[in-house]
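Novice: Sharing a structure here in structure tokens format.
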Amino acid sequence: MPRRVETVEDMTVLLSIHDITPVYEDDIVKTYDLLSDLGITSLTLLVTPFYRLKKSNRIVEGDIFTKFLKSLDFEVAMHGYSHFSKSGSLNEFNGLAQDKIEARLRDGVSILSKGFGIKPSGFVPPAWETPSKVVKAVREIGLGFCVSGSSIHRYSDDTIFTTSERIISEGQRSLNMEASLIEMELGGSLQVGIHPLDHRTNTMFSVIEELKDRLGYRFVGYSDYMTSIL
């Protein structure tokens, strides 16, 4: 059966906060405060279960940080397993056999499910890039969706949602907006990814304010958008 492909509606931002991990706790609190001040009420928290394979960065049930995240009542999706490979690459699943990928993803789901009391909604890889075998593995372990580049694979009905452009921050470095400016002015759909250190330069938050107040975009998390399009 051919998969149905749909473009995300114009004037829509699929908004997510990347690298949710205890190491960035204070920055994530600040990020939430800034987004709340902008009146944004729907987004996706991209939580890494075992960031850099450090015990102190593991999501733990009952931890103050985990309780804070739960209190926000936002969608929780899995963001990699450790986020980085042992060599430091963002592509932590490259070179792994299918069964190894599935095992690692299942362990990540187990960590998040225990920590939050609910299963993560889907899987969003670092920088939105991942091998096609990960998209298959995410389906096999029973999550609702997987993001790969500009495509969001919804497994319940095999629909693929696509966005016109992606804007991802680079922490304290400059935000490269050149490729996105035309699409923003045209009102094309966007994926926007915030990182915890962005508030230190505020460039990303200026972009979000521009999208919301001048251009009239609406902001929504992945699952909130997909449940509105059935």
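The values are calculated or read from the model by the stated rules, or taken from the named source; none is laboratory data. Model, not experiment: these values are computed from the prediction. All Cβ positions, even for glycine, are placed from backbone atoms using ideal geometry, and neighbour counts span all protein chains on display.
Each row is one residue, and each column tells you yes or no for (1) at pLDDT below 95; (2) in contact with a Ser or Thr (Cβ under 8 Å, 6 or more places away or on another chain); (3) under 19 Å from A77 (Cβ atoms).
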site	(1), (2), (3)
F93	yes, yes, yes
I152	no, yes, yes
E165	yes, yes, no
N176	yes, no, no
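Novice: Quick check: is even one residue across region 41-57 over 18 Å from the mean Cα position of the chain (by Cα) and either at pLDDT 95 or above or within 29 Å of S180 (Cβ to Cβ) (or both)?
Specialist: no
Novice: Next question, about the same structure. Of all residues in region 204-217, count the ones that are out of contact with any helix residue (DSSP H, G or I) (no Cβ under 6 Å at 6 or more places or on another chain) and touching a residue at least 40 places away in the same chain (Cβ under 8 Å).
Specialist: Looking only at region 204-217, we keep the residues that are out of contact with any helix residue (DSSP H, G or I) (no Cβ under 6 Å at 6 or more places or on another chain), and these are 206-216.
Keeping just the survivors that are touching a residue at least 40 places away in the same chain (Cβ under 8 Å) gives 207-209, 211-212, 215-216.
So the answer is 7.
Novice: Return the pair list, or none, for Cβ contacts closer than 9 Å from residues in region 146-162 that are without any contact (Cβ under 8 Å) to a residue 60 or more places away in the chain and part of a strand (DSSP E or B) to residues that are among the small types (G, A, S) and surrounded by fewer than 16 Cβ atoms within 10 Å (Cβ to Cβ), at least 6 apart or on different chains.
Specialist: What qualifies is S148/S132.
Novice: Still on this structure, please answer the following. Is it the case that H199 is in contact with a His (Cβ under 7 Å, 6 or more places away or on another chain) and within 18 Å of L34 (Cβ to Cβ)? It would help to see each step written out before you state the result.
Specialist: Values: in contact with a His (Cβ under 7 Å, 6 or more places away or on another chain): no; within 18 Å of L34 (Cβ to Cβ): yes.
No.
Novice: State whether the residues of region 48-67 include one that is in contact (Cβ under 8 Å) with a residue 60 or more places away in the chain and within 25 Å of G187 (Cβ to Cβ).
Specialist: No: region 48-67 contains no residue that is in contact (Cβ under 8 Å) with a residue 60 or more places away in the chain and within 25 Å of G187 (Cβ to Cβ).
Novice: Which residues, counting only those in region 11-29, are farther than 14 Å from N57 by Cβ, hydroxyl-bearing (S, T, Y) and surrounded by fewer than 24 Cβ atoms within 10 Å (Cβ to Cβ)?
Specialist: T12
Novice: Among the residues of region 3-40, which ones are hydroxyl-bearing (S, T, Y) and in contact (Cβ under 8 Å) with a residue 24 or more places away in the chain? Break it down into steps so the answer makes sense when it comes.
Specialist: Of all residues in region 3-40, those hydroxyl-bearing (S, T, Y) come to 7, 12, 16, 21, 24, 31-32, 36.
T7, T12, S16, T21, Y24, T31, Y32 - these are the residues of region 3-40 that are hydroxyl-bearing (S, T, Y) and in contact (Cβ under 8 Å) with a residue 24 or more places away in the chain.
Novice: Could we say that H83 is at pLDDT 95 or above and touching a strand residue (DSSP E or B) at 6+ places or on another chain (Cβ under 8 Å) here?
Specialist: Values: at pLDDT 95 or above: no; touching a strand residue (DSSP E or B) at 6+ places or on another chain (Cβ under 8 Å): yes.
When the stated conditions are applied, H83 does not pass them.
Novice: Right, next: Under 29 Å from P22 (Cβ atoms), of a type in the set (S, T, Y) and either over 17 Å from the mean Cα position of the chain (by Cα) or surrounded by fewer than 19 Cβ atoms within 10 Å (Cβ to Cβ) (or both): is that true of T227 in this structure?
Specialist: Details: under 29 Å from P22 (Cβ atoms): no; of a type in the set (S, T, Y): yes; either over 17 Å from the mean Cα position of the chain (by Cα) or surrounded by fewer than 19 Cβ atoms within 10 Å (Cβ to Cβ) (or both): yes.
In short, no.
Novice: Right, something else. Using the structure shown, decide if H199 is surrounded by 14 or more Cβ atoms within 10 Å (Cβ to Cβ), touching a residue at least 24 places away in the same chain (Cβ under 8 Å) and closer than 19 Å to G80 by Cα.
Specialist: Numbers: surrounded by 14 or more Cβ atoms within 10 Å (Cβ to Cβ): yes; touching a residue at least 24 places away in the same chain (Cβ under 8 Å): yes; closer than 19 Å to G80 by Cα: no.
Spelling it out, it is not the case that H199 is surrounded by 14 or more Cβ atoms within 10 Å (Cβ to Cβ), touching a residue at least 24 places away in the same chain (Cβ under 8 Å) and closer than 19 Å to G80 by Cα.
Novice: Go through region 126-138 residue by residue and tally those that are within 15 Å of R104 (Cα to Cα) and either surrounded by fewer than 16 Cβ atoms within 10 Å (Cβ to Cβ) or of a type in the set (V, I, T) (or both).
Specialist: Looking only at that region, the number is 6.
For (1) in contact with a helix residue (DSSP H, G or I) (Cβ under 9 Å, 6 or more places away or on another chain); (2) at pLDDT 95 or above, each residue gets a yes or a no:
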residue: L143; (1), (2): yes, yes
residue: I160; (1), (2): no, yes
residue: A179; (1), (2): no, no
residue: E183; (1), (2): no, no
residue: F219; (1), (2): yes, yes
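Novice: Which members of region 18-40 meet the condition of being under 16 Å from the mean Cα position of the chain (by Cα), farther than 25 Å from E185 by Cβ and of a type in the set (A, V, I, L, M, F, W, C)?
Specialist: I20, I28
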